[in-house]
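K.L.:
The structure's right below; bear with me while I get my questions together.
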Amino acid sequence: MKKQISTYIIALVLLFSNGVQSQSKETVFKTDTIASTKNIQFIGVPIAFYTPETEFGFGGGGQLFLLNKSNIYNDRQSNILFSGIYTLNEQFLFEVKPEIYLGKGDYFIDIDYTWEIYPNLFWGIGNSTPDRNEEVYNMTSHKLKMGYLRRLPPNLNFGFEYVFENHEVTEVEEGGILDAATVLGSDRAIISGLGVVFNLDTRDDIGSPLSGRYYKLNAQFSSELLGATHGYNKFFLDLRTYEPLTKTSILAMQVYSENTFGDAPFQGLAKFGGSYSARGYFYGRFTDNHMYIIQTEYRWRFRPRWTMAAFGLVGEVASNPENFFSISNMKPSVGAGIRFKLLKNKSTWLRLDTGFGENGNNGFYFGINESF
């Protein structure tokens with residue numbers, strides 16, 4: 001969910017900054033540029049959004065652009081993103097996200113700090129947890145990820161990261177699964193470890209690609225030697241391809257997997273569902289050590305600023321990967337949606353989707369840019 005909120009803020013900043021620059025022609029949006037010099041520009045914006053996990057949320061945020069630190073390989077500039085959010089589910093989120101390019105874009109520092117006070121839902125661990133297991137819990141979390149990547153022109157990136165998360169479960173339902181203290185992390189969990197990141201990106205556009213590939217491999221190692229309460233290893237695989245069918249339509253495909261080995265707390269397990277991974281299911285409705293998702297989406301750009309989409313996916317979670325691909329265990333979902341390009345000269349798209357899973361699971365999603 002944090003990823004979706006960050007995307008919202010970036011999109012709003014793009015909208016508002018474009019409005020400031022184009023007011024002499026046509027006023028699109030107005031905002032206050034608190035500080036603007038030759039090398040620095042700051043823009044603040046209000047924030048509003050909706051997800052099934054949060055209901056309506058609102059707050060404020062902004063972005064500080066470091067204009068003298070650009071990436072020569074694309075139009076991105078070094079920036080510091082920040083936001084404060086409150087939702088109708090009484091969730092509070094604060095985030096600071098610096099993205100700094102060094103050496104004209106040859107090196108990249110990516111830092112993400114999040115503070116969350118987050119009431120949430122839990123059904124237990126496994127691929128077949130019943131709806132009657134649903135329970136509410138409250139958790140306060142501090143999350144920090146620091147990455148350092150080296151660009152290998154033209155399209156490769158490789159680097160290292162440090163991950164730290166401190167989760168404090170502050171309230172659970174009496175007599176519930178978490179109250180029984182049989183689930184790792186049911187009272188507290190600290191994740192602390194190093195990681196390796198590798199990606200290949202040939203997409204023609206990040207917001208709504210029409211062609212190209214995106215391949216990412218990520219390994220994380222949480223260790224008690226670095227202060228973690230639980231030692232485990234986690235591996236991510238994200239493979240995406242975008243195949244043009246006609247001049248105005250494409251077929252987008254994604255294979256995504258998470259694999260966890262060791263004694264991971266439930267906060268570090270793979271979570272099925274949400275606006276990006278498995279539309280049609282509540283984020284975290286199913287959680288376990290291992291997860292895969294295979295999804296395909298047809299996108300038809302019937303007008304320069306309008307796109308229709310239809311998608312289908314299948315996936316599941318499991319305690320062991322050898323339990324995968326049993327037809328009876330697969331979680332399918334289908335859905336459709338529409339996208340609108342907010343500004344002619346910015347690749348920022350408003351996305352409306354609805355997804356339908358099995359056993360009455362469904363969701364309505366309002367977001368920015370494609371889900372993958």
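K.L.:
Check off (1) of a type in the set (K, R); (2) touching a residue at least 40 places away in the same chain (Cβ under 8 Å); (3) farther than 21 Å from R351 by Cα for R240 and give me the number that stays unchecked.
P.N.:
Failing condition for R240: (3).
K.L.:
How about the range 32-143: which strands (runs of 3 or more DSSP E) wholly inside it have at least 1 residues that are of a type in the set (D, E, K, R) and at pLDDT 90 or above? First the steps, then the outcome.
P.N.:
Values: elements: 40-51, 55-70, 77-87, 92-102, 107-122.
Per the criteria, 92-102, 107-122.
K.L.:
Of all residues in the range 225-236 being in contact with a Gly (Cβ under 8 Å, 6 or more places away or on another chain) and assigned to a strand (DSSP E or B), which is nearest to E258 (Cα to Cα)?
P.N.:
If we take residues in the range 225-236 being in contact with a Gly (Cβ under 8 Å, 6 or more places away or on another chain) and assigned to a strand (DSSP E or B), then K234 is nearest to E258 (Cα to Cα).
K.L.:
Checking the structure you have, find out if any residue of the range 167-179 is free of Cβ contacts under 8 Å to residues at least 12 places away in the same chain and of a type in the set (A, V, I, L, M, F, W, C). Full working, then the answer.
P.N.:
Quick first cut of the range 167-179, residues free of Cβ contacts under 8 Å to residues at least 12 places away in the same chain only: 174-175, 179.
Those left that are additionally of a type in the set (A, V, I, L, M, F, W, C): none.
Scanning the range 167-179 turns up no residue that is free of Cβ contacts under 8 Å to residues at least 12 places away in the same chain and of a type in the set (A, V, I, L, M, F, W, C).
K.L.:
Same structure again: Take the conditions assigned by TED's automatic domain parsing to the domain that holds E165, in contact (Cβ under 8 Å) with a residue 40 or more places away in the chain, within 18 Å of G195 (Cα to Cα) and surrounded by fewer than 19 Cβ atoms within 10 Å (Cβ to Cβ) and apply them to T229. Does it pass?
P.N.:
Working: assigned by TED's automatic domain parsing to the domain that holds E165: yes; in contact (Cβ under 8 Å) with a residue 40 or more places away in the chain: yes; within 18 Å of G195 (Cα to Cα): yes; surrounded by fewer than 19 Cβ atoms within 10 Å (Cβ to Cβ): yes.
It is true that T229 is assigned by TED's automatic domain parsing to the domain that holds E165, in contact (Cβ under 8 Å) with a residue 40 or more places away in the chain, within 18 Å of G195 (Cα to Cα) and surrounded by fewer than 19 Cβ atoms within 10 Å (Cβ to Cβ).
K.L.:
Would you check which residues across the range 79-99 are more than 18 Å from the chain's Cα centre (by Cα) and aliphatic (A, V, I, L, M) and list them?
P.N.:
Across the range 79-99, the qualifying residue is only L88.
K.L.:
With respect to N361, determine if the residue is surrounded by fewer than 15 Cβ atoms within 10 Å (Cβ to Cβ) and either within 18 Å of T129 (Cβ to Cβ) or within 16 Å of the chain's Cα centre (by Cα) (or both).
P.N.:
Working: surrounded by fewer than 15 Cβ atoms within 10 Å (Cβ to Cβ): no; either within 18 Å of T129 (Cβ to Cβ) or within 16 Å of the chain's Cα centre (by Cα) (or both): yes.
Taking the combined requirement at face value, the residue does not satisfy it.
K.L.:
Can you tell me how many residues within the range 194-224 are assigned to a strand (DSSP E or B), of a type in the set (S, T, N, Q) and more than 20 Å from the chain's Cα centre (by Cα)?
P.N.:
Filtering the range 194-224 down to residues assigned to a strand (DSSP E or B) leaves 194-201, 212-222.
So of that shortlist, the ones also of a type in the set (S, T, N, Q) come out as 199, 218, 220, 222.
Next cut, more than 20 Å from the chain's Cα centre (by Cα) only: 222.
Final tally of qualifying residues: 1.
K.L.:
Which condition number does I190 fail, the rest of (1) buried (at least 19 other Cβ atoms within 10 Å of the Cβ); (2) modelled with pLDDT under 95 being met?
P.N.:
(2)
K.L.:
Would you tally the residues in the range 160-188 being part of a strand (DSSP E or B) and either hydroxyl-bearing (S, T, Y) or over 20 Å from the mean Cα position of the chain (by Cα) (or both)?
P.N.:
Here is the first cut: in the range 160-188, the residues part of a strand (DSSP E or B) are 160-171, 188.
Those still in the list that are either hydroxyl-bearing (S, T, Y) or over 20 Å from the mean Cα position of the chain (by Cα) (or both) too: 162, 168-171, 188.
Total meeting the criteria: 6.
K.L.:
Looking only at residues that are under 30 Å from N323 (Cα atoms) and crowded, with 16+ Cβ neighbours inside 10 Å in the range 100-132, which one is farthest from the chain's Cα centre (by Cα)?
P.N.:
Within the range 100-132, the match that is farthest from the chain's Cα centre (by Cα) is T129.
K.L.:
Consider the range 241-279. How many of its residues are closer than 19 Å to V163 by Cβ and of a type in the set (D, E, K, R)?
P.N.:
3
K.L.:
To continue, here is another question. Is it fair to say T182 is closer than 29 Å to V136 by Cβ, of a type in the set (S, T, Y) and surrounded by fewer than 17 Cβ atoms within 10 Å (Cβ to Cβ)? Explain how you work it out, then say what you get.
P.N.:
On the way: closer than 29 Å to V136 by Cβ: yes; of a type in the set (S, T, Y): yes; surrounded by fewer than 17 Cβ atoms within 10 Å (Cβ to Cβ): yes.
Taking the combined requirement at face value, the residue satisfies it.
K.L.:
With the structure loaded, tell me whether I191 is part of a strand (DSSP E or B) and not hydroxyl-bearing (S, T, Y) or whether it fails that test. Don't jump to the end; show me each part of the working.
P.N.:
Numbers: part of a strand (DSSP E or B): yes; not hydroxyl-bearing (S, T, Y): yes.
Yes: the conditions hold for I191.
K.L.:
For residues in the range 161-196 being touching a Leu at 6+ places or on another chain (Cβ under 8 Å) and of a type in the set (S, T, N, Q), which is farthest from L149 (Cα to Cα)?
P.N.:
Checking each candidate, the answer is S186.
K.L.:
Filtering the range 319-358 down to residues that are of a type in the set (G, A, S) and surrounded by 21 or more Cβ atoms within 10 Å (Cβ to Cβ), which residue is farthest from Y292 (Cα to Cα)? Step through it out loud before you land on a result.
P.N.:
At the first step, the residues of the range 319-358 found to be of a type in the set (G, A, S) are 319, 326, 328, 333, 335-337, 347, 355, 357.
Filter once more, so that each one left must be surrounded by 21 or more Cβ atoms within 10 Å (Cβ to Cβ): 333, 335, 337, 355, 357.
Working: S333: 14, G335: 19, G337: 23, G355: 18, G357: 16 Å.
Checking each candidate, the answer is G337.
The values are calculated or read from the model by the stated rules, or taken from the named source; none is laboratory data. Nothing here was measured: the structure is a model prediction, and the numbers come from that model. Don't worry about glycine lacking a Cβ; one is built from the backbone with ideal geometry, like all the others, and counts go over all protein chains shown.
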